[in-house]
Amino acid sequence: QVQLVESGGGLVQPGGSLRLSCAASERISSIYGTGWYRQVPGKQRELVAAITNVGSINYADSVKGRFIISRENGKNTMYLQMDALKPDDTAVYYCYLLKGTRQYWGQGTQVTVSS
């Protein structure tokens with residue numbers, strides 16, 4: 001069992017930045033898939049960014065050029081740097097870790113972009 005805990009969410013003005021962190025209860029291996037989803041009430045959970053188990057990095061079109069996903073293999077934390085935030089980025093953000101066929105989730109952190 002892997003526990004994930006997100007932090008770094010909050011209220012930010014449009015154009016601002018936030019950095020989300022996700023701390024795992026074990027070291028993140030390079031063969032794990034990791035990433036971030038977000039969800040708005042009444043809508044499906046949306047994949048925001050991911051690092052696959054072979055090291056490929058993918059972003060949703062809506063965040064390309066504004067968000068950067070990162071992690072340090074062998075350490076236990078992954079990050080999502082979010083710049084040029086827009087009101088449409090408002091959501092609960094969840095990190096995940098894919099270990100083999102098992103997927104683990106954090107509890108979510110609220111990001112609100114509003115003036």
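The values are calculated or read from the model by the stated rules, or taken from the named source; none is laboratory data. All figures in this text were calculated on a predicted structure; none of them were measured in a lab. Methodologically, a virtual Cβ is constructed for each residue, glycine included, from the backbone with ideal geometry; neighbour enumeration extends over all protein chains shown. Protein only, heavy atoms only, side chains kept; ligands, DNA and RNA dropped before computing areas. Shrake-Rupley method; radii C 1.70, N 1.55, O 1.52, S 1.80 Å.
Computed values, structure above
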{"quantity": "Per residue accessible area of the chain, 1.4 Å probe, in Å²", "calculated": "53"}
{"quantity": "Gaussian network model of the chain, Cα within-10 Å springs - most flexible of PRO41, PRO87, PRO14", "calculated": "PRO41"}
{"quantity": "Between the range 28-84 and the range 1-23, the alpha-carbon center distance in angstrom", "calculated": "12"}
{"quantity": "Volume of the Cα convex hull of the range 1-93, divided per residue and given in Å³", "calculated": "100"}
{"quantity": "Cβ-derived FRET efficiency at R0 30 Å, GLN3 paired with THR112, nearest 0.05", "calculated": "0.75"}
{"quantity": "For the chain, size of Cβ-based charge dipole, Lys and Arg +1, Asp and Glu -1, in debye", "calculated": "180"}
{"quantity": "Gain on full stretching of the segment that runs from GLN44 to ALA60 - 0.36 nm per residue minus C-alpha separation", "calculated": "4.4 nm"}
{"quantity": "Reachable lysines, given that their alpha-carbon falls under 24 Å from the alpha-carbon of LYS64 and they are not under 8 places away in the same chain", "calculated": "LYS43, LYS86"}
{"quantity": "Rounded to the nearest 10 Å², the accessible area of LYS75 at probe 1.4 Å", "calculated": "110"}
{"quantity": "The chain, accessible surface, carbon-and-sulfur percent (1.4 angstrom probe)", "calculated": "48"}
{"quantity": "Listed peptides 1-11, 54-64, 29-39 by packing density, highest first (mean Cβ within 10 Å)", "calculated": "29-39, 1-11, 54-64"}
{"quantity": "DSSP beta bridges in the chain [antiparallel fraction, %, rounded to 5]", "calculated": "90"}
{"quantity": "Dipole of the range 27-115, positive direction: furthest Cα of MET78, GLY108, ILE28, with charges on the beta-carbon", "calculated": "ILE28"}
{"quantity": "The range 4-65: relative contact order in percent, alpha carbon pairs under 8 Å with at least 6 residues between", "calculated": "23"}
{"quantity": "Residue-by-residue Karplus 3J(HN,Hα) for the range 34-42, coefficients 6.51, -1.76, 1.60, Hz, glycine and proline x", "calculated": "9, x, 10, 10, 9, 9, 10, x, x"}
{"quantity": "Hz values of 3J(HN,Hα) by residue in the range 4-16 - Karplus curve (6.51, -1.76, 1.60), Gly and Pro given as x", "calculated": "10, 10, 8, 7, x, x, x, 9, 9, 6, x, x, x"}
{"quantity": "Label-point gap, in nm, between SER21 and ILE68 - each point 7 angstrom along Cα→Cβ", "calculated": "1.7"}
